[in-house]
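*Asks:* Have a look at this one.
The values are calculated or read from the model by the stated rules, or taken from the named source; none is laboratory data. In this text, all values refer to a predicted model and were calculated from it rather than measured experimentally. Neighbour counts are summed over all protein chains in view; Cβ atoms, including those assigned to glycine, are modelled from backbone coordinates with ideal geometry. Surface accessibility is based on the protein's heavy atoms, side chains included, excluding ligands, DNA and RNA. Shrake-Rupley method; radii C 1.70, N 1.55, O 1.52, S 1.80 Å.
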Number of protein chains: 6
Amino acid sequence: MKTAIYPGSFDPVTSGHIDIIERAVKLFDRVYVAAIGNPEKEPFFSLSERVEMLQLSLAKYKKVKVESFDGLLIDYARKKKAATIIRGLRAISDFDYEFQMALANRKLDSKIETIFLMTRGRYAYLSSSMVRQIASFGGDISGMVPKVIERRLSRE
Amino acid sequence: MKTAIYPGSFDPVTSGHIDIIERAVKLFDRVYVAAIGNPEKEPFFSLSERVEMLQLSLAKYKKVKVESFDGLLIDYARKKKAATIIRGLRAISDFDYEFQMALANRKLDSKIETIFLMTRGRYAYLSSSMVRQIASFGGDISGMVPKVIERRLSRE
Amino acid sequence: MKTAIYPGSFDPVTSGHIDIIERAVKLFDRVYVAAIGNPEKEPFFSLSERVEMLQLSLAKYKKVKVESFDGLLIDYARKKKAATIIRGLRAISDFDYEFQMALANRKLDSKIETIFLMTRGRYAYLSSSMVRQIASFGGDISGMVPKVIERRLSRE
Amino acid sequence: MKTAIYPGSFDPVTSGHIDIIERAVKLFDRVYVAAIGNPEKEPFFSLSERVEMLQLSLAKYKKVKVESFDGLLIDYARKKKAATIIRGLRAISDFDYEFQMALANRKLDSKIETIFLMTRGRYAYLSSSMVRQIASFGGDISGMVPKVIERRLSRE
Amino acid sequence: MKTAIYPGSFDPVTSGHIDIIERAVKLFDRVYVAAIGNPEKEPFFSLSERVEMLQLSLAKYKKVKVESFDGLLIDYARKKKAATIIRGLRAISDFDYEFQMALANRKLDSKIETIFLMTRGRYAYLSSSMVRQIASFGGDISGMVPKVIERRLSRE
Amino acid sequence: MKTAIYPGSFDPVTSGHIDIIERAVKLFDRVYVAAIGNPEKEPFFSLSERVEMLQLSLAKYKKVKVESFDGLLIDYARKKKAATIIRGLRAISDFDYEFQMALANRKLDSKIETIFLMTRGRYAYLSSSMVRQIASFGGDISGMVPKVIERRLSRE
């Protein structure tokens with residue numbers, strides 16, 4: 001069984017993340033969508049909120065399992081017997097950062113491969129921080145996040 | 001009447017900003033130079049200081065009006081009946097970030113267009129944070145900010 | 001009257017070019033869409049073919065005038081009394097080349113300004129050479145060029 | 001059976017290409033390494049030479065099949081019932097071009113996905129044209145191409 | 001005597017920094033490796049710790065002198081009678097930031113030149129923050145920092 | 001004696017090249033400015049014309065020697081006992097290509113180091129091909145090339 005991990009802060013999950021996950025499930029038998037417990041920047045949503053929003057958004061994908069992890073991504077990947085890490089690339093993208101992370105992870109464990117998938121052009125501008133910023137000013141985030149998240153964020 | 005908005009933190013206004021504004025006034029009948037009240041990063045100068053420095057620097061431009069705004073840029077642009085947002089690009093530039101903002105704003109209101117103007121090569125290195133850093137160590141900031149701002153910053 | 005020039009090879013005109021022109025007509029009173037007579041790379045379509053395809057595609061835009069020019073863009077702009085040159089930027093873009101051209105043109109005539117407009121995310125991948133390549137293999141170019149051009153290219 | 005295509009000019013195949021193929025065979029059941037019959041730039045080696053060099057280099061990989069194709073990559077992928085196109089990314093890389101191609105291919109057939117794999121840091125500088133240039137001056141290309149290709153190129 | 005300065009946060013010094021220093025000592029008679037006393041981001045290690053780790057790592061380089069400085073780099077360079085500032089570039093690199101700093105320093109003193117040296121491909125992924133992150137989770141940092149630093153960091 | 005090589009097509013030499021050479025002579029005892037006899041792209045000016053223009057432009061620099069070379073740059077550098085290759089970087093720059101060349105040269109001879117110097121902001125837009133293009137249309141190239149070259153090119 002081919003297993004992959006899609007790690008991220010998901011603070012919150014966006015339509016761009018879902019787009020990547022939909023592509024990943026065609027390539028793998030099992031995809032762990034794994035919220036980072038301790039991201040470098042203090043997250044806006046708590047870990048349990050971020051995991052819950054992922055679960056609400058991904059309920060219908062049978063191959064997907066939402067989890068969270070602490071510590072090194074590589075250690076988590078080994079525990080899950082996952083040989084692949086998935087990362088999304090946007091045309092507008094901190095590609096350099098992604099490459100640096102992928103090379104560092106390869107240095108830590110050369111048997112685990114990072115693959116990059118491309119988000120849809122229409123999500124090029126989309127990031128979690130953009131969503132948070134627009135939502136905080138009462139802007140319209142429809143289409144930027146899954147419907148269930150949109151309702152939840154506008155309630156706040 | 002063609003109206004444009006030039007938004008920014010202006011923390012403080014630099015000669016690069018003035019350069020962009022001088023180009024903008026040739027293209028538009030009215031240019032709102034709008035200090036962001038609540039930028040993502042905590043500003044060094046207060047909103048009233050940033051607005052005052054803009055006013056001192058831009059007094060002679062008849063088409064320019066200095067203001068500030070809170071909330072979504074798009075909402076402010078609508079209120080001002082401005083169909084255009086102006087952004088400066090430097091050869092050395094976080095172009096990706098600018099593009100992401102512009103696409104997000106277009107998603108929020110497709111009738112408001114972002115246009116990019118190019119700063120002079122000589123200002124390529126110039127940013128507000130660079131000015132603050134040099135000024136804080138007593139370095140020479142002449143030519144980096146308008147004369148009135150230079151006097152003000154060196155007094156501090 | 002505010003006049004602008006949108007120069008290019010247009011070999012052939014694409015939906016991305018039309019997208020930029022639609023944005024330009026909102027900003028200017030008159031837009032010259034000007035096919036370069038002698039582009040650096042030998043064009044695939046002759047100058048008269050490229051101009052004809054532009055005319056077919058742009059007939060309905062009252063503010064647009066299709067022309068061609070030889071020699072320096074700056075000389076052509078002066079002749080047309082145009083103070084602005086328009087260039088499109090794609091998220092996937094040879095931004096560096098555009099910037100170099102714009103700075104060179106500014107050096108030649110500092111009174112003529114280059115402004116950059118952003119194409120729609122959906123056209124990010126689109127270029128004239130991509131269209132030629134796909135069409136040459138009988139691929140589907142619908143949506144990549146105006147309808148009138150699509151019919152013409154598939155006839156060949 | 002998960003099938004992928006790794007297309008390229010392979011003019012000639014380099015150690016960087018082999019590195020990508022070694023990563024691809026861990027992810028897929030069958031990998032078609034497909035030499036482009038008609039690349040945009042006139043190739044230095046003939047199609048049969050390029051295919052032969054690939055075959056010599058890849059004989060030991062049971063999952064790999066060397067082929068060539070003309071026309072659209074997407075048509076070839078459909079014929080092979082391959083749902084994935086593989087592309088290598090180098091830290092030093094024409095990433096923009098790769099992204100443009102991938103988005104164009106997705107537009108032509110949204111069911112065929114492009115994934116990006118990262119070459120080893122040590123091959124960052126390596127390209128077919130670099131190899132040809134160094135070999136043409138009698139420079140040392142050991143480590144830049146598979147051993148069998150090295151012998152062949154130095155014989156010429 | 002040709003004197004150069006290699007400034008940085010060195011928070012902590014990495015194998016990539018050492019690689020640059022080894023290249024610098026071939027070009028200059030004296031190289032000051034200068035820890036920035038007051039970097040923009042709050043450092044993880046104290047200034048005395050950062051200087052001590054540099055001293056441990058660089059003891060064997062006779063031309064190298066480890067120091068620290070406060071205030072403007074240009075003022076420090078003048079005091080040391082150094083006409084050259086050395087910066088390392090990685091294939092994966094915030095090149096734009098480096099260029100901005102170098103142009104700003106040239107504006108402050110045109111007689112002091114910045115030169116860029118290239119780190120080894122194998123260190124492309126390496127940064128001080130990456131080392132801190134991996135070390136904090138108990139990951140393996142061998143090869144990422146000098147041996148003496150590795151022992152020190154794993155003791156903590 | 002510290003010896004460096006500054007290789008290029010110099011087709012023709014520009015003010016940007018001279019700017020780099022002026023910086024190089026402060027760092028080295030001897031600088032060979034070496035015109036590539038056989039550049040990848042067919043040059044516009046013959047090798048003897050390119051060398052002659054360099055000699056006219058550089059007569060006053062005592063440390064500079066104009067030469068030409070065929071074959072591998074690394075072989076030429078060894079013959080000249082030069083341990084350093086100099087390359088100029090522009091803010092607007094094909095940095096990736098420069099890095100690729102530098103890494104390839106390091107692979108061929110690890111004892112020869114490439115260093116990068118930064119051109120003046122005012123030359124950011126400047127390239128030999130830009131000069132040729134403007135000159136061919138009778139445009140004003142003053143300031144873009146040394147005075148002696150300007151006279152020569154406008155005579156043609």
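*Asks:* What single numbered condition from (1) within 26 Å of residue F:114 (Cβ to Cβ); (2) more than 14 Å from chain C (Cβ to nearest Cβ); (3) under 17 Å from the mean Cα position of the chain (by Cα) fails to hold for residue D:115?
*Replies:* It is condition (1) that residue D:115 fails.
For (1) in contact with an Asp or Glu (Cβ under 7 Å, 6 or more places away or on another chain); (2) at positive phi; (3) within 14 Å of chain D (Cβ to nearest Cβ), each residue gets a yes or a no:
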position: A:15; (1), (2), (3): no, no, no
position: A:25; (1), (2), (3): no, no, yes
position: A:28; (1), (2), (3): no, no, yes
position: A:32; (1), (2), (3): yes, no, no
position: A:37; (1), (2), (3): yes, no, no
position: A:44; (1), (2), (3): yes, no, no
position: A:47; (1), (2), (3): no, no, no
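*Asks:* Which members of region D:78-115 meet the condition of being of a type outside the set (D, E, K, R) and free of Cβ contacts under 8 Å to residues at least 24 places away in the same chain?
*Replies:* Result: D:93, D:95, D:97, D:99, D:100, D:101, D:102, D:103, D:104, D:110.
*Asks:* Just a yes or no: is a residue in region F:3-21 touching a residue at least 12 places away in the same chain (Cβ under 8 Å), buried (at least 22 other Cβ atoms within 10 Å of the Cβ) and more than 11 Å from the chain's Cα centre (by Cα)?
*Replies:* yes
Matching residues to (1) in contact with a helix residue (DSSP H, G or I) (Cβ under 7 Å, 6 or more places away or on another chain); (2) of a type outside the set (Ser, Thr, Tyr); (3) on the phi < 0 side of the Ramachandran plot:
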{"site": "E:97", "(1), (2), (3)": "no, no, yes"}
{"site": "E:105", "(1), (2), (3)": "yes, yes, yes"}
{"site": "E:110", "(1), (2), (3)": "no, no, yes"}
{"site": "E:114", "(1), (2), (3)": "yes, no, yes"}
{"site": "E:118", "(1), (2), (3)": "yes, yes, yes"}
{"site": "E:121", "(1), (2), (3)": "yes, yes, yes"}
{"site": "E:133", "(1), (2), (3)": "no, yes, yes"}
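*Asks:* Restricting attention to region C:127-156, which residues are touching a residue at least 24 places away in the same chain (Cβ under 8 Å), farther than 28 Å from residue C:77 by Cβ, touching a strand residue (DSSP E or B) at 6+ places or on another chain (Cβ under 9 Å) and within 14 Å of chain D (Cβ to nearest Cβ)?
*Replies:* none
So that you can scan it fast, the table gives a plain yes or no per residue for (1) at the interface with another protein chain (Cβ under 8 Å from one of its Cβ atoms); (2) closer than 24 Å to residue D:88 by Cα; (3) in contact with a strand residue (DSSP E or B) (Cβ under 9 Å, 6 or more places away or on another chain):
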| position | (1), (2), (3) |
| --- | --- |
| A:78 | no, no, no |
| A:82 | no, yes, yes |
| A:95 | yes, yes, yes |
| A:125 | yes, no, no |
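*Asks:* Kindly provide the set of residues from region B:49-76 that are more than 14 Å from chain A (Cβ to nearest Cβ) and of a type in the set (Gly, Ala, Ser), ordered by number.
*Replies:* Matches in region B:49-76: B:57, B:59, B:68.
*Asks:* Within region C:24-34, which residues are open to solvent by 20 Å² or more (accessible area, probe 1.4 Å) and not in a loop (DSSP other than H, G, I, E, B)?
*Replies:* Listed by number, the residues that qualify are C:25, C:26, C:30, C:32.
*Asks:* Same structure, new question: Just name the residue that is nearest to residue D:129 (Cα to Cα) out of those in region D:1-23 that are of a type in the set (A, V, I, L, M) and in a loop (DSSP other than H, G, I, E, B).
*Replies:* Checking each candidate, the answer is D:13.
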